[in-house]
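A.B. asks: The following block contains the structure, expressed as structure tokens.
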Protein chains: 2
Amino acid sequence: MRARDLLAPFPTVGLDTPVPEAAGLLAHQDLPGLVVVDETGAPITILPGPEVLRLAVPAYCQDDPALARVVDEAHADTFLKGANGRRVRDALPDPPRKLPVTDPDATVLELAALMARTHSPLVAVTEDGRLLGAVTLQALLDRVLAA
Amino acid sequence: MRARDLLAPFPTVGLDTPVPEAAGLLAHQDLPGLVVVDETGAPITILPGPEVLRLAVPAYCQDDPALARVVDEAHADTFLKGANGRRVRDALPDPPRKLPVTDPDATVLELAALMARTHSPLVAVTEDGRLLGAVTLQALLDRVLAA
């Protein structure tokens, strides 16, 4: 079994994708993060899920989450509006998260080694610099445990 | 909206749960990780998904994942057997990953602040030290974006 048998199309965002749009992609699909691609479609890095919240949550709440409870509930529910106008490039962790990349011939063991080494539940699969899709930890475990 | 409205039962493992059993839980449910609880059922930490692979992948492959390709494909497909006999306590990252914990009254903003601060897509919700369930990033985004 090779990466080509396990990969699935994976939604991507660009550096200039608005953060609320990225949040929508994460919500509607059950994803551990989003692959960030450059203008040519080549993967650059990963935007881990929790990072889409970071720009929307006021700094004083992040320093002391218990303070968030003093915000009235109606406003608390709409906190994501705080990310309006922000873009994926502003939400990326610093330093950027390493997105493991391999080619369609990678074996299951190589995919697992990449995930274990980079602590990533996702490996991007490219051919000639173009993103073909991604193999998730779920897809890998599903197939390995069924074998 | 409060944590009590967003939480869902969440599968847990103990420190002595075998790693292959933890891998099975991760595969069959689409989870970012597993909540590790002590003998009393109180949450201790989180076992992030990719860590279940770490003990199963030989060290030389993790150092250089390309070396994994020299292992023949049939053996590569069964690499998870390498985790047989290992337990969750052996698979935990060092230092342990911080699992954010809150109570059922936490607001959406507080949950988001906890996720943003700890880079965790998961917040455990406890009452009197007992785990009630967890709020995932997905559940939070689904509800916030639908509001």
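The values are calculated or read from the model by the stated rules, or taken from the named source; none is laboratory data. As the structure is a computational prediction, the values presented were derived from the model and not from experiment. We place every Cβ from the backbone using ideal geometry, glycine too, and count neighbours over all the protein chains shown. Note: accessible area is taken over every heavy atom of the protein model, side chains too, but ligands, DNA and RNA are not part of it. Shrake-Rupley method; radii C 1.70, N 1.55, O 1.52, S 1.80 Å.
A.B. asks: Where residues in the range A:60-75 are under 25 Å from the mean Cα position of the chain (by Cα) and facing chain B (nearest Cβ under 7 Å), which of them is nearest to B:ARG117 (Cα to Cα)?
C.D. replies: Step by step, filter the range A:60-75, then rank; the result is A:GLN62.
A.B. asks: Only one of these is at pLDDT below 90, of a type outside the set (Phe, Trp, Tyr) and touching a His at 6+ places or on another chain (Cβ under 9 Å): B:ARG130, B:ARG54. Name it.
C.D. replies: Selected residue: B:ARG54, the only one of B:ARG130, B:ARG54 that is at pLDDT below 90, of a type outside the set (Phe, Trp, Tyr) and touching a His at 6+ places or on another chain (Cβ under 9 Å).
A.B. asks: Filter the range B:22-59 down to the residues that are within 12 Å of another protein chain (Cβ to nearest Cβ) and part of a loop (DSSP other than H, G, I, E, B) and list them by number.
C.D. replies: B:GLN29, B:ASP30, B:LEU31, B:PRO32, B:GLY49, B:PRO50, B:LEU55, B:ALA56, B:VAL57, B:PRO58
A.B. asks: What are the residues in the range B:76-87 that are within 21 Å of the chain's Cα centre (by Cα) and part of a loop (DSSP other than H, G, I, E, B), if any?
C.D. replies: B:ASN84, B:GLY85, B:ARG86
A.B. asks: Moving on. Can you pull out every residue in the range B:60-75 that is under 19 Å from B:ALA23 (Cα atoms) and either surrounded by 14 or more Cβ atoms within 10 Å (Cβ to Cβ) or at pLDDT 80 or above (or both)?
C.D. replies: Hit for the range B:60-75 is B:GLN62, nothing else.
A.B. asks: Only one residue in A:THR17, A:THR12, A:THR45 is in contact (Cβ under 8 Å) with a residue 60 or more places away in the chain, under 22 Å from B:GLY49 (Cβ atoms) and surrounded by fewer than 22 Cβ atoms within 10 Å (Cβ to Cβ). Which one?
C.D. replies: Residue meeting the stated conditions: A:THR12.
A.B. asks: Checking the structure you have, find out if any residue of the range A:10-17 is in a strand (DSSP E or B), within 14 Å of chain B (Cβ to nearest Cβ) and out of contact with any Cys (no Cβ under 9 Å at 6 or more places or on another chain).
C.D. replies: Applying the first criterion (in a strand (DSSP E or B)) to the range A:10-17 yields A:12-13.
Next, from what is left, pick out any that are within 14 Å of chain B (Cβ to nearest Cβ): none.
So far as the range A:10-17 goes, no, none of its residues is in a strand (DSSP E or B), within 14 Å of chain B (Cβ to nearest Cβ) and out of contact with any Cys (no Cβ under 9 Å at 6 or more places or on another chain).
A.B. asks: A:VAL135: buried (at least 22 other Cβ atoms within 10 Å of the Cβ), within 13 Å of chain B (Cβ to nearest Cβ) and at pLDDT 90 or above, yes or no?
C.D. replies: Against the criterion (buried (at least 22 other Cβ atoms within 10 Å of the Cβ), within 13 Å of chain B (Cβ to nearest Cβ) and at pLDDT 90 or above), A:VAL135 qualifies.
A.B. asks: Go through the range B:78-121 and give me each residue that's open to solvent by 90 Å² or more (accessible area, probe 1.4 Å) and within 7 Å of chain A (Cβ to nearest Cβ).
C.D. replies: The answer is B:ARG117, B:HIS119.
A.B. asks: Next up: For A:ALA146, state whether it is within 9 Å of chain B (Cβ to nearest Cβ) and in contact with a helix residue (DSSP H, G or I) (Cβ under 9 Å, 6 or more places away or on another chain).
C.D. replies: Working: within 9 Å of chain B (Cβ to nearest Cβ): yes; in contact with a helix residue (DSSP H, G or I) (Cβ under 9 Å, 6 or more places away or on another chain): yes.
Yes: the conditions hold for A:ALA146.
A.B. asks: Now, a different point. Please go through the range A:18-56 and give me each residue that is under 19 Å from B:LEU31 (Cβ atoms) and among the polar types (S, T, N, Q), ordered by number.
C.D. replies: If the condition is that a residue be under 19 Å from B:LEU31 (Cβ atoms) and among the polar types (S, T, N, Q), then A:GLN29 is the only one that fits.
A.B. asks: If only one of B:THR17, B:THR78 is of a type in the set (S, T, N, Q) and out of contact with any helix residue (DSSP H, G or I) (no Cβ under 6 Å at 6 or more places or on another chain), which one is it? If you could, list the steps in order and put the result at the bottom.
C.D. replies: On the way: B:THR17 fails: out of contact with any helix residue (DSSP H, G or I) (no Cβ under 6 Å at 6 or more places or on another chain).
Only one candidate qualifies: B:THR78.
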